[in-house]
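Asker: Pasting a structure below so you can have a look.
What follows draws every value from the coordinates through simple rules; no lab data is involved. Please read these numbers as outputs of a predicted model, since none were measured by experiment. All Cβ positions, glycine included, derive from the backbone under ideal geometry; neighbour counts span all protein chains shown.
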Amino acid sequence: MPVPFDLLVKTAIGRVGGRLQLPEEMRLGEFAWSVLQLDEQLIGQAVRFDLRNKDKSISCAKGCGACCKQMVPVSPPEAFMIADVVASYPAARRKELLERMATIRTRLAEAGFNEKFKLEHFKAVAVEYFKMNMPCPFLEEDSCTVHPERPFVCREFLVTSPAELCGDSIHFGKVRAVPLSVRMTDAMSRLAGEVLEKESTAIPLVGCVEWALEHREDAERRFDGPKLMTRLVEMLHEDIQSTAGTPEK
Ligand code: SF4
């Protein structure tokens with residue numbers, strides 16, 4: 001039974017929130033769904049603030065998949081959500097997608113990436129991964145086929161530098177993106193670690209369906225929705241305070 005929840009996140013540049021209806025019991029994959037809207041609000045706020053002087057614009061456009069060759073880390077709730085989406089595909093489509101994921105993982109294993117798949121290593125291997133030129137398994141005709149449920153980092157990466165810089169690793173350090181108040185993947189990874197009583201972790205998108213299947217018991221566990229959201233907001237405020245000082249009152 002859904003219960004009303006008044007969401008309020010205060011960042012250094014304003015407030016976002018609104019009234020949500022959250023189930024009294026929900027799986028982490030369902031919780032990730034509930035957080036997508038909050039993430040969109042935080043992104044919208046950051047974009048409005050960054051573009052306020054009108055000397056910049058967002059270069060990202062439909063049909064540009066240049067950034068979709070990067071390694072995408074997802075939190076456990078996102079992994080469970082995406083696994084649910086893939087499970088809902090018709091069998092042939094699911095098989096094709098899982099095969100694409102497996103092909104990329106094989107290439108990564110051959111390149112010695114396996115033990116580097118830890119949250120703190122994602123940044124360090126980003127350029128190496130990009131150079132391997134492996135489009136995301138969800139990318140078709142330069143469009144995201146999982147757009148409504150795409151990971152937080154995919155939503156949050158909005159480029160203001162010229163789009164042509166995005167397609168080449170030699171320009172990696174020159175690409176400019178909208179600065180954000182929070183990184184939702186980090187907070188959701190920590191939240192999942194806390195409630196599952198496990199180490200906080202992130203999983204590469206190309207391995208997340210397999211990972212979710214291996215952690216099926218955790219995927220099926222149910223938690224109090226309002227309590228999850230309350231704790232997530234606390235974590236976001238901790239992150240905002242540590243990076244930008246005291247949030248707005
Ligand atoms: S999930 Fe979608 S947006 Fe993210 S990398 Fe893959 S194709 Fe691109």
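Asker: What residue, of 155, 107, 94, is of a type in the set (Lys, Arg) and either within 11 Å of the ligand (Cβ to nearest atom) or buried (at least 18 other Cβ atoms within 10 Å of the Cβ) (or both)? Steps first, please.
Answerer: On the way: 107 fails: either within 11 Å of the ligand (Cβ to nearest atom) or buried (at least 18 other Cβ atoms within 10 Å of the Cβ) (or both); 94 fails: either within 11 Å of the ligand (Cβ to nearest atom) or buried (at least 18 other Cβ atoms within 10 Å of the Cβ) (or both).
Sole residue among the options that is of a type in the set (Lys, Arg) and either within 11 Å of the ligand (Cβ to nearest atom) or buried (at least 18 other Cβ atoms within 10 Å of the Cβ) (or both): 155.
Asker: Related question: Six or more apart or on different chains, Cβ under 6 Å: which pairs go from a residue in region 47-65 that's over 25 Å from residue 139 (Cα atoms) to one that's of a type in the set (A, V, I, L, M, F, W, C)? Could you list them?
Answerer: From residues that are over 25 Å from residue 139 (Cα atoms), the pairs are 49/13; 50/178.
Asker: Could you say whether any residue in region 164-176 is closer than 19 Å to residue 122 by Cα, charged (D, E, K, R), more than 19 Å from the chain's Cα centre (by Cα) and not in a helix (DSSP H, G or I)?
Answerer: yes
Asker: What's the total number of residues in region 67-84 that are within 11 Å of the ligand (Cβ to nearest atom) and either outside any strand (DSSP E or B) or without any contact (Cβ under 8 Å) to a residue 40 or more places away in the chain (or both)?
Answerer: Residues flagged as within 11 Å of the ligand (Cβ to nearest atom) and either outside any strand (DSSP E or B) or without any contact (Cβ under 8 Å) to a residue 40 or more places away in the chain (or both) within region 67-84 amount to 8.
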